[in-house]
Amino acid sequence: MLGSTALLGFCVALAPMVLTPGASFTLVSERGLSGDHRGALVTIVGTGAGILTHAVLAGLGLAAVVMSSARLYGAIRLLGAVYLIVLGLMLLRRGISPDRRGEPPTPSPVDCSSAGRAHPMWRTLVKAYVANVLNAKAATVYLTLAPQFMTAHEVGTLATVQLAAVHIVFMTVWLGLWAAGLKGIGRILDPRRWARRLELVGGAVLVAMGLRTAAE
């Protein structure tokens, strides 16, 4: 079982990735703006299932690595630390740069006349699940970030599922609040402005975390 410090640290490290607009954010916004709150909820469920899939597969893979060689796991942690530093520097660069053309566009309201059309929930669920499972960034969370919060003795599916639970709760709260008050939140919090702030803070956190692991 992972300690509360590791779980809290993982939650903090996840913040820039969860709060910055991405595929799941766009899908939930699409449903929310059309008035399909049930569809937004199903999208969140599909995203959570995708996160759990990444966690289980990563846990099995990392456990196999530890069983074969503790040194190899140490090398994976070091590579993960380098990745975090690079990712952090990229976030800092994006946060400082005035050119925001590379960021995902903020979803615009859709025609309410199309909102009433039947949208099979299973299709929405599968769409969200596949979007997350095929998201390389989601996969790297459990292959590079997760090892920073697990010792060699803690590695396994139990540990990665614990981290996934934190990830899912964080994601559900954020996207749930966004979907519930989409129009009001959109007027108060400009996603583009907050994305820049989160990139600056998150980039600094990831760089610091990577340097700490590399120094161990």
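Below, the figures for the structure above:
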quantity: Segment 125-165: C-alpha gyration tensor shape, a/c 1.5 cut-off, then a/b vs b/c; calculated: prolate
quantity: J(HN,Hα) series, segment 52-60, from Karplus relation 6.51 cos²θ - 1.76 cosθ + 1.60, nearest Hz, glycine and proline x; calculated: 4, 4, 4, 5, 5, 5, 5, x, 5
quantity: Extended-chain gain in nm, criterion 0.36 nm per residue less alpha-carbon gap, Met1 and Leu79; calculated: 25.7 nm
quantity: FRET efficiency for Leu177 and Val12, using Cβ-Cβ distance with R0 set to 25 Å, rounded to 0.05; calculated: 0.85
quantity: Highest average packing first - 123-131, 155-163, 38-46, 1-9, Cβ atoms within 10 Å; calculated: 38-46, 155-163, 123-131, 1-9
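None of the figures in this text is laboratory data; all of them are computed from the coordinates on show. Since we're looking at a predicted model, the values are computed, not measured. A quick note on method: Cβ atoms are made from the backbone with ideal geometry, for glycine too, and the neighbour counts reach across all protein chains shown.
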